[in-house]
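Notes to accompany the following structure.
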Amino acid sequence: MSDYLTIQKLLTLGPSADLEFFSVFILKRKATKTTKTGNPFLNVEFADATGTFSTNVFNNSPVYNMLDDFSEGSLVKLSAKLNYYNAQLSPDLKTLSPYTLTQAQEEGIAENLIEIPPESEIDLWEVLMNGVEQIQHSALKMTVTSVLSQYESQFRVSSAAISMHHAYRHGLLEHTVHMLNVGLSILPLYQEVDFDLAVAGIILHDIGKLEEYEGEFSVQTTRKGLLQGHVVLGYKIVRKAAIVSKLSEDLTERLEHIILSHQGEKEWGAAAMAATPEAVFVSMVDNLDAKMGMVQRALRNAPVNATLSDYLPGLKTKLVLTPPEKK
């Protein structure tokens with residue numbers, strides 16, 4: 001095992017530490033910007049399984065030109081000096097060199113690089129398949145199984161987002177399974193909601209993300225994703241499967257409506273406002289798990305002894321990290 005420092009470890013050291021260190025990270029983003037005096041600089045974001053940080057590289061730094069050789073999604077070995085800017089981790093980069101997943105595995109740090117959920121992919125997929133089996137309507141079940149058989153390999157590994165929630169490997173599967181677990185738990189409270197439609201809608205609600213995103217270590221939006229978005233892409237995927245499965249016109253329209261409305265608000269990307277009991281149900285469960293996914297990730301990645309998280313855009317606040325004092 002190497003002594004490379006993870007981002008979580010760097011955060012525990014704090015601003016007062018005077019340290020030069022070596023680490024391996026994923027280059028998530030790099031963007032060219034301009035100073036007030038007109039000089040170009042690069043804003044780069046690095047990540048590992050424990051967190052992310054951004055830093056600026058100015059054009060008088062030797063690292064500035066080195067970054068030309070690294071594309072977003074690359075694994076990078078770097079040396080840097082610990083630094084903070086506006087109370088945020090922002091190391092001064094000194095050197096960069098290419099790195100591979102094979103090297104990470106040989107050095108025993110692969111698990112430090114690639115963020116994954118606490119639950120295994122195998123266990124998550126088994127729960128998802130059990131959910132499919134609970135759908136009683138044959139054509140609805142056939143529609144769901146048809147989509148999953150076509151997209152299984154992608155569904156098992158895909159991120160649910162670029163940055164907002166469940167934004168890591170297997171994140172979409174985790175999000176969908178957690179929604180399924182919540183849905184199955186509370187559906188008995190809402191007899192007005194059709195069980196089969198709700199379960200099918202939960203399983204397929206984000207299926208368009210499998211065509212919206214791409215990338216192994218750093219998720220990027222595809223051309224299709226940019227031009228159409230996952231709501232429309234998911235609608236098209238589900239409609240095609242429903243036609244092949246000979247799903248009735250009414251059930252097809254209702255299942256499509258769940259896909260089109262699950263984002264909740266048009267300003268959040270919904271193509272329509274939820275207008276059936278099942279669509280309202282799926283939209284609310286989706287919002288619950290998206291928010292709680294942000295909470296769970298912040299708690300998992302919190303530095304030791306931290307009391308507040310960084311600002312979480314999806315929650316519009318920082319998160320209190322300490323548990324309740326029950327005396």
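Read the figures in this text as sums done on the coordinates, not as results from a lab. The model shown is predicted, which means the values in this text are computed figures rather than measured ones. Here the Cβ is made from the backbone with ideal geometry for all residues, glycine too, and neighbour counts use every protein chain on show.
Cβ crowding within 10 Å ranks Ser90, Ser245, Ser153 as Ser153, Ser90, Ser245, fewest other Cβ atoms first.
Each Lys and Arg adds +1 at its Cβ and each Asp and Glu adds -1 at its Cβ; summed about the Cα centre, the chain shows a dipole of about 880 debye.
Classified by the C-alpha gyration tensor, segment 18-148 has a prolate form. Its axis ratio a/c, with a ≥ b ≥ c, is 1.5 or above, and a/b is larger than b/c. Once backbone amide H atoms are built at 1.01 Å from N, Gly73 has Leu27, Lys28 as its partners under 5 Å, excluding neighbours fewer than 5 places away on the same chain. Once the Cα-Cα distance is subtracted from the 0.36 nm per residue extended length, the Ala271 to Arg300 segment shows a gain of 7.1 nm. Think of it as helices only: each DSSP H run of n ≥ 4 in the chain is worth -39500 (n - 2.57), and spread over all residues that comes to -13500 deg cm²/dmol at 222 nm. Each of Leu67, Pro323, Ser97 was scored by the projection of its Cα onto the charge dipole of the chain, and the greatest displacement toward the positive side belongs to Leu67; charges sit on the C-beta of Lys, Arg, Asp and Glu.
Taking 24 Å as the limit for the C-alpha separation, the pairs Lys33/Lys81; Lys94/Lys318; Lys9/Lys327 exceed it in the case of Lys94/Lys318; Lys9/Lys327.
Starting from segment 253-317, pick out the GluC sites (Glu not before Pro) whose DSSP state is loop and whose Cβ has at most 13 other Cβ atoms within 10 Å.
Passing sites in segment 253-317 are Glu265.
Report note on the peptides 17-28, 55-66: ranked by the mean count of other C-beta atoms within 10 Å, highest first, their order is 17-28, 55-66. Over the Cα atoms of segment 178-327, the radius of gyration divided by the Kirkwood radius equals 1.04; this is the Rg/Rh ratio. Which FRET efficiency, nearest 0.05, do Asp250 and Tyr311 yield, Cβ-Cβ r, R0 51 Å? Once the sixth-power term is evaluated, E becomes 0.70. Across all Cα atoms of the chain, the radius of gyration (one decimal) and Dmax (whole number) stand at 21.9, 67 Å.
P(r) tail for segment 82-141, what percent of Cα pairs lie past 17 Å? Tail of P(r) above 17 Å: 71 percent of Cα pairs. Of the residues His257, Ala302, Ala290, the one whose Cα sits farthest toward the positive end of the charge dipole of the chain, with +1 on the Cβ of Lys and Arg and -1 on the Cβ of Asp and Glu, is Ala302.
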